[in-house]
Amino acid sequence: MIPIESFSVTLSTFSLIALAEIGDKSQLVCMTLAARHRHWPVILGATLAFLILNLLAVLFGAGVAAWVPERVMAGVVALLFGGFGIHALRKRETEEAEDVAERPGHGIFFTTLLLILVAEFGDKTQIAVAGLAGSLAPLPVWIGASAALVLVSVLGVWAGRTLLQRLPLHWLHRAGGVIFLLFGLLAGWRALLPA
């Protein structure tokens, strides 16, 4: 793949996943744990969890793409992203922040790792990463998604609620919804193109 194309895939994946994840449960887990514990074990636990989750998503997406015709895969991605976009645009800000319980007998690194793995497995961002890896180059998708999730977690740890108080969360969700819809339209266009 040409480096500029790889960079474009990485950047677009980063943008989509970062906007989709702001204010999501993994960021809230990081905020809550970092409020009571040292920051670095929380950041490192979240980072490892996201690297693992994104690797699984990319392998799944690329594996499915190897067996499913490209037009069918693009159609599935278009439907998924369209659904995610509509959900993000319709999302109400009535959800209460969940209290995160620490796992007894584990250090904060392992607690963060386990909580993020459980919270994010099968989440919309993991499904989005799998969909992107099914239609785009897997390595740039993995890099962009991992960088986005780690950055959002770090923002959650360091900036906490002060950042989210300055930027209206519903606008960030709407921006993520619009980007999901745009990616869905692009995938739909690819699905409808003649072979």
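Looking only at region 56-72, which residues are under 18 Å from K124 (Cβ atoms) and surrounded by fewer than 21 Cβ atoms within 10 Å (Cβ to Cβ)?
Just the residues of region 56-72 that are under 18 Å from K124 (Cβ atoms), to begin with: 56-58, 60-61, 64.
Those that are under 18 Å from K124 (Cβ atoms) and surrounded by fewer than 21 Cβ atoms within 10 Å (Cβ to Cβ): L56, F60, V64.
Only one of these is in contact (Cβ under 8 Å) with a residue 12 or more places away in the chain and part of a loop (DSSP other than H, G, I, E, B): G61, G23. Name it.
Details: G61 fails: part of a loop (DSSP other than H, G, I, E, B).
Only one candidate qualifies: G23.
Is it the case that region 13-20 has a residue that's closer than 13 Å to A145 by Cβ and among the aromatic types (F, W, Y)?
yes
Inspect all residues belonging to region 143-155 and state whether any of them is of a type outside the set (K, R), assigned to a helix (DSSP H, G or I), at pLDDT below 75 and over 12 Å from the mean Cα position of the chain (by Cα).
For region 143-155, residues of a type outside the set (K, R), assigned to a helix (DSSP H, G or I), at pLDDT below 75 and over 12 Å from the mean Cα position of the chain (by Cα): absent.
So if I check each of G23, G75, G85, which one is surrounded by fewer than 18 Cβ atoms within 10 Å (Cβ to Cβ) and modelled with pLDDT under 85?
Sole residue among the options that is surrounded by fewer than 18 Cβ atoms within 10 Å (Cβ to Cβ) and modelled with pLDDT under 85: G75.
So, of the residues in region 106-142 that are part of a helix (DSSP H, G or I) and among the small types (G, A, S), which turns out to be surrounded by the fewest Cβ atoms within 10 Å (Cβ to Cβ)?
Per the stated criteria, the residue is A119.
Taking region 30-55 on its own, how many of its residues are part of a helix (DSSP H, G or I), surrounded by fewer than 16 Cβ atoms within 10 Å (Cβ to Cβ) and of a type outside the set (A, V, I, L, M, F, W, C)?
Qualifying residue count, region 30-55: 2.
The values are calculated or read from the model by the stated rules, or taken from the named source; none is laboratory data. Not measured: the values here are computed from a predicted model. Counting neighbours? That spans all protein chains shown, and the Cβs are built from the backbone with ideal geometry, glycine included.
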